[in-house]
1. Just counting partner chain Cβ atoms within 10 Å, what average do the residues of peptide A:128-141 show around their Cβ?
2. Once a ≥ b ≥ c are taken as the square roots of the eigenvalues of the Cα gyration tensor of the protein assembly as shown, is the result rounded (a/c under 1.5), prolate (a/b larger than b/c) or oblate (a/b not larger than b/c)?
3. Once each part is reduced to its C-alpha centroid, what is the distance from region B:149-201 to region B:26-56 in angstrom?
4. Shape verdict for chain B, please, from the Cα gyration tensor: rounded (a/c under 1.5), prolate (a/b greater than b/c) or oblate.
5. Measuring from a point 7 Å past the Cα of B:L8 along Cα-to-C-beta, which residues in region B:41-67 have an amide N at less than 18 Å?
6. With 10 angstrom as the radius, rank A:S67, B:S75, B:S146, B:S123 by how many other C-beta atoms surround their C-beta, starting from the fewest.
7. Per the helix-only calculation at 222 nm, which mean residue ellipticity applies to chain A, given -39500 (n - 2.57) for every DSSP H run of n ≥ 4 and division by its residues, nearest 500 deg cm²/dmol?
8. Looking at the protein assembly as shown only, what percent of DSSP beta bridges run antiparallel? Nearest 5 please.
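Computed from the coordinates by the stated procedures, all read-outs in this text should not be read as laboratory data. Note that the structure is predicted; figures quoted are calculated from it, not measured. FYI the Cβ positions are ideal-geometry reconstructions off the backbone, even for glycines, and counts take in every protein chain you see.
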Number of protein chains: 2
Amino acid sequence: MLRLYEFLLSANCYKARLLMTQLAIPFERIELDFTKQEHRHPEFLHKNLQGKVPVLELETGDFLLESNAIMFYLSKGTQFLPDDHLEQSKVMQWLFFEQYSLMPYLASCRFWMTILNKADEFSEIIIEKQKSGYAALAVMEQHLQSHSFFVGNQYTIADIGLFAYVHVADEGGYSLTEFPGIQLWLERVKNQPHYIDITQV
Amino acid sequence: MLRLYEFLLSANCYKARLLMTQLAIPFERIELDFTKQEHRHPEFLHKNLQGKVPVLELETGDFLLESNAIMFYLSKGTQFLPDDHLEQSKVMQWLFFEQYSLMPYLASCRFWMTILNKADEFSEIIIEKQKSGYAALAVMEQHLQSHSFFVGNQYTIADIGLFAYVHVADEGGYSLTEFPGIQLWLERVKNQPHYIDITQV
């Protein structure tokens, strides 16, 4: 059986958990205790030298890292990844956009404000990060003005990847009031079959 | 014919140029003048709302963004992308590692030190960024202690993606003295057929 090493609150981990649930792929969850620094233990570092989650352990004993690469692996041949190679490349385009232009700015603010609960201490850098985060949200909004989903007019791993941090953007102090297209798309994702919440296991 | 919109000095753009050269794919280069902010002109923004390069214009008139997604698109069915899906997923794993954990720290230091030539002005943040950059280089070094390339013991787009910024890491003040595995791998990449330099068009 596949094994997913994760933190429940990590939206990167949620991507893999949501996809496997929607694909009805059985898996074992191994929750690492972040407060005990379990992701820094030698036993875990041998799986992933960076001490990052999620890590997917395959039935062969092999390990796959990086949330979006894990989704790519799991979704092949399913409705979550288009067969057409250009469409697959556009899925990749949005997933790289997510990791470089969006996620660092949403995840960091959420970490400081909600996970550490230190909004005051980090207020200056939060404002700085939010500028870039809002710029990335504006790119998404522009796309969603004329599209229901990100690639090929269907729900794919591009949507899961972007949804993960955007649907909890408010926990990093973001307001989506100016992004009506994103708000509608969030509802569209939440209405997909077998949707689960980020804290649902 | 394919059209590549790029800056010559951008190592993200170099990835696409190097790959197309090695694959003998003919393409037209459109160099944008960074100093004239040509990447912010409305004509270019309609291709890429973020005003980022590289952008690959396909023969259909369609646009593909994100250097690693462009490489994924171009390399399908070639020796630069393994056929096996798990190996393809590992290529993706390293490319996401590159965009999230490596490139932001190497590219920013190179930009301040060599492209803007303002090492003094940015000295404090350069030291800060280099800590994360060196951590990512250590992850690569560990892998290269027992592997010749990043995936499947062959030169793939994972190597091109990682090579692009690492081979000019010195321009961001990085020393590779402590990374003998990386040094050997850099030479291995430079010895590949039809290799071109970052400033070679």
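1. 1
2. rounded
3. The two parts, judged by their Cα centres, are 26 Å apart.
4. Note, shape of chain B comes out oblate.
5. Under 18 Å, as judged by backbone N against the label point of B:L8, lie B:53-55 of region B:41-67.
6. B:S146, B:S123, B:S75, A:S67
7. Calculated at 222 nm, the ellipticity per residue is -13500 deg cm²/dmol.
8. Of all bridge pairs located within the protein assembly as shown, approximately 60 percent are antiparallel.
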